[in-house]
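This report concerns only the one structure given below.
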Amino acid sequence: MRIICVAGARPNYMKIKPVMDALEARGAEVVLVHTGQHYDPAMNDVFFHDLGLRPPDHFLGVGSGSHATQTGRVMTAFEPLVEELAPDLVVVVGDVNSTLACALVTAKAGPLLAHVEAGLRSRDWSMPEEVNRVATDRVSDYLLAPSHDAADNLRAEGYRDDQIHVVGNVMIDTLYANRDRARRSGALDELGLAEGEYGLVTLHRPANVDDPDILTGLLKGLGEVAAHCPLVLPVHPRAAEKLRALGVPGGIRLVPPAGYLDFIALQAGARIVLTDSGGVQEETTALGVPCVTLRDNTERPITVEQGTNVLAGRDPDRILATAVRLLDDPPEPRRPELWDGRAGERIAEVLLEGGTAANRPRPTDHR
């Protein structure tokens, strides 16, 4: 089988690597397409190096832009490539604009389409990622769910059982494969940090960093947390100028963006993590590190139900209260079912034994 695997932004790299490895180990011809949605070296090249991810076979170079502009550029660049390569299957991961764009092109071109991380739902229609997730699932032949709650979402929305496969979490495959290397990365020593004596913060979602009033409130809450535990904040390029313009409270230390291995080391060594990232909610659950999510909802509720994650929203008082509670009484580490480092293998088995576009029911066929 010829299979195109698509990556476009930082979260995609950790998700596509175990899928590619497992497919290639079983003899599939894998073509890696990088859309170029993330193109800054700090958000791109360092992750390929850290993960041992081979250079892409095709780089589309779409760059930044509005949601419509970026999605349109990806579609325009990906369509002729699909026609040229004539794949049997296209694999998309996650919920970024590249995911939706390549899914739509694939659905119209005819190859089978597989969505890794299918079924995740935040119930927040104001999130662009939620729209991307739902639309991608609708046109996918294979819905590869990371957990049973995601599969339940898909069944409730009417998808056929033959489409839905609970395979585990590919992010955790990559985490476990690199955990020991990350601990040896020297990231803590370079920053003068001691394990268990700092908190880690990430902020990047537009809803949190684009509105000065909301960002000011978040910084107030984080500043109060820092009085209990000093905080380190790797500065996402999206948020850097905004943070500096508003001023960062004492106790919060801004540091440069971290590569994958360094960031895993920072998470593993942290006493607490405060974040608006979905992937960090998963990684902290796998690492057993208390996590405060600076959002009112999550598309990964299993990290709350079975992990170390607590939703705190964006109210400064609630952020402080939640963080102090977790600092004083950390939750017991718990690992969701199938988060065992073998999701990529299960995905490869499903895809390589699932038939072809000629003999498999398509997304809108009846049960």
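Tell me, please, whether a residue that is touching a Lys or Arg at 6+ places or on another chain (Cβ under 6 Å), among the aliphatic types (A, V, I, L, M) and in contact (Cβ under 8 Å) with a residue 60 or more places away in the chain can be found in the range 138-156. Working first, answer last.
Filtering the range 138-156 down to residues touching a Lys or Arg at 6+ places or on another chain (Cβ under 6 Å) leaves 153.
When the remaining residues are screened for being among the aliphatic types (A, V, I, L, M), the result is none.
No: the range 138-156 contains no residue that is touching a Lys or Arg at 6+ places or on another chain (Cβ under 6 Å), among the aliphatic types (A, V, I, L, M) and in contact (Cβ under 8 Å) with a residue 60 or more places away in the chain.
Spot the failing condition for Val310; the list is (1) modelled with pLDDT of 95 or more; (2) over 19 Å from the mean Cα position of the chain (by Cα); (3) open to solvent by 10 Å² or more (accessible area, probe 1.4 Å); (4) not basic (Lys, Arg), and only one is missed.
(2)
List the number of the failed condition for Leu231; all other conditions in (1) without any contact (Cβ under 8 Å) to a residue 12 or more places away in the chain; (2) under 29 Å from Glu332 (Cα atoms) hold.
With (1) without any contact (Cβ under 8 Å) to a residue 12 or more places away in the chain; (2) under 29 Å from Glu332 (Cα atoms) applied to Leu231, the lone miss is (1).
Considering only residues of the range 24-56 that are assigned to a loop (DSSP other than H, G, I, E, B) and open to solvent by 80 Å² or more (accessible area, probe 1.4 Å), which is modelled with the lowest pLDDT?
Applying the first criterion (assigned to a loop (DSSP other than H, G, I, E, B)) to the range 24-56 yields 26-28, 35-40, 44, 52-56.
Checking which are open to solvent by 80 Å² or more (accessible area, probe 1.4 Å) leaves us with 26, 39, 55.
Numbers: Arg26: 98, Tyr39: 66, Pro55: 92.
Among residues in the range 24-56 that are assigned to a loop (DSSP other than H, G, I, E, B) and open to solvent by 80 Å² or more (accessible area, probe 1.4 Å), the one modelled with the lowest pLDDT is Tyr39.
Do you know which of the residues in the range 115-139 that are of a type in the set (D, E, K, R) and part of a loop (DSSP other than H, G, I, E, B) is farthest from Asp152 (Cα to Cα)?
Residue satisfying both the conditions and the ranking: Asp124.
Starting from the range 171-197, keep only residues that are touching a residue at least 60 places away in the same chain (Cβ under 8 Å), then list their pairs with residues that are of a type in the set (S, T, N, Q) and not in a helix (DSSP H, G or I) whose Cβ atoms are within a distance under 9 Å, requiring at least 6 positions of separation or different chains.
Close Cβ pairs (under 9 Å, with a partner that is of a type in the set (S, T, N, Q) and not in a helix (DSSP H, G or I)) amount to Leu175/Asn169.
As an exercise: evaluate Lys108 against (1) out of contact with any strand residue (DSSP E or B) (no Cβ under 9 Å at 6 or more places or on another chain); (2) of a type outside the set (Phe, Trp, Tyr); (3) within 24 Å of Asp296 (Cα to Cα) and give the number of the one condition it does not meet.
Lys108 satisfies all of (1) out of contact with any strand residue (DSSP E or B) (no Cβ under 9 Å at 6 or more places or on another chain); (2) of a type outside the set (Phe, Trp, Tyr); (3) within 24 Å of Asp296 (Cα to Cα) except (3).
Of everything in the range 259-281, what is under 19 Å from Val292 (Cβ atoms), open to solvent by less than 40 Å² (accessible area, probe 1.4 Å) and either part of a loop (DSSP other than H, G, I, E, B) or of a type in the set (D, E, K, R) (or both)? Give them in sequence order.
Filtering the range 259-281 for residues under 19 Å from Val292 (Cβ atoms) gives 263-264, 266-281.
So of that shortlist, the ones also open to solvent by less than 40 Å² (accessible area, probe 1.4 Å) come out as 263-264, 266-270, 272-281.
Once the filter is applied, which keeps residues that are under 19 Å from Val292 (Cβ atoms), open to solvent by less than 40 Å² (accessible area, probe 1.4 Å) and either part of a loop (DSSP other than H, G, I, E, B) or of a type in the set (D, E, K, R) (or both), the range 259-281 yields Ala270, Asp276, Ser277.
Checking Glu353 against (1) of a type outside the set (Phe, Trp, Tyr); (2) open to solvent by 70 Å² or more (accessible area, probe 1.4 Å); (3) in contact (Cβ under 8 Å) with a residue 40 or more places away in the chain, which test does it fail?
It fails just one condition, (3).
Assess whether Arg121 counts as being at pLDDT below 95 and either more than 17 Å from Arg300 (Cβ to Cβ) or surrounded by 20 or more Cβ atoms within 10 Å (Cβ to Cβ) (or both).
Numbers: at pLDDT below 95: no; either more than 17 Å from Arg300 (Cβ to Cβ) or surrounded by 20 or more Cβ atoms within 10 Å (Cβ to Cβ) (or both): yes.
Against the criterion (at pLDDT below 95 and either more than 17 Å from Arg300 (Cβ to Cβ) or surrounded by 20 or more Cβ atoms within 10 Å (Cβ to Cβ) (or both)), Arg121 does not qualify.
Can you work out which of the residues in the range 57-67 that are outside any strand (DSSP E or B) and not aliphatic (A, V, I, L, M) is most open to solvent (accessible area, probe 1.4 Å)?
Step one: of the range 57-67, the residues outside any strand (DSSP E or B) are 57, 60-67.
Narrowing the set further to residues that are not aliphatic (A, V, I, L, M) leaves 57, 61, 63-67.
Details: Asp57: 78, Gly61: 46, Gly63: 14, Ser64: 66, Gly65: 46, Ser66: 64, His67: 103 Å².
If we take residues in the range 57-67 being outside any strand (DSSP E or B) and not aliphatic (A, V, I, L, M), then His67 is most open to solvent (accessible area, probe 1.4 Å).
What are the pairs, 6+ residues apart or on separate chains, where a residue within the range 266-289 that is at positive phi has its Cβ under 6 Å from a residue that is surrounded by fewer than 22 Cβ atoms within 10 Å (Cβ to Cβ)?
The qualifying pairs are Gly288/Pro333.
Residues that are open to solvent by 40 Å² or more (accessible area, probe 1.4 Å), out of contact with any helix residue (DSSP H, G or I) (no Cβ under 7 Å at 6 or more places or on another chain) and among the hydrophobic types (A, V, I, L, M, F, W, C): does the range 86-101 have at least one? Spell out the reasoning first.
Step one: filter the range 86-101 for residues open to solvent by 40 Å² or more (accessible area, probe 1.4 Å), giving 86, 88.
Then drop every residue that is not out of contact with any helix residue (DSSP H, G or I) (no Cβ under 7 Å at 6 or more places or on another chain), which leaves 86, 88.
If we keep only those that are among the hydrophobic types (A, V, I, L, M, F, W, C) too, we end up with 86.
Yes: one or more hits.
Scan the range 1-23 for residues that are in a loop (DSSP other than H, G, I, E, B) and touching a strand residue (DSSP E or B) at 6+ places or on another chain (Cβ under 9 Å) and jot them down. Talk me through it step by step, then tell me what you get.
First pass over the range 1-23, keeping only residues in a loop (DSSP other than H, G, I, E, B): 1, 8-9.
Within the range 1-23, Met1, Gly8 meet the criteria.
Say whether the condition of being over 23 Å from Met171 (Cα atoms), open to solvent by 40 Å² or more (accessible area, probe 1.4 Å), out of contact with any strand residue (DSSP E or B) (no Cβ under 8 Å at 6 or more places or on another chain) and among the hydrophobic types (A, V, I, L, M, F, W, C) is met by at least one residue in the range 126-147.
Within the range 126-147, none of the residues are over 23 Å from Met171 (Cα atoms), open to solvent by 40 Å² or more (accessible area, probe 1.4 Å), out of contact with any strand residue (DSSP E or B) (no Cβ under 8 Å at 6 or more places or on another chain) and among the hydrophobic types (A, V, I, L, M, F, W, C).
Given (1) at negative phi; (2) at pLDDT 95 or above, where does Gly94 come up short, assuming only one miss?
(1)
Of everything in the range 294-307, what is open to solvent by 10 Å² or more (accessible area, probe 1.4 Å) and of a type in the set (A, V, I, L, M, F, W, C)? Give them in sequence order.
Within the range 294-307, Ile302, Val304 qualify.
The values are calculated or read from the model by the stated rules, or taken from the named source; none is laboratory data. Because the structure is a prediction, the values reported are computed rather than measured. So basically every Cβ, Gly included, is an ideal-geometry build from the backbone, and we count neighbours across all protein chains shown. Areas reflect the complete protein model, heavy atoms only, side chains present, ligands, DNA and RNA absent. Shrake-Rupley method; radii C 1.70, N 1.55, O 1.52, S 1.80 Å.
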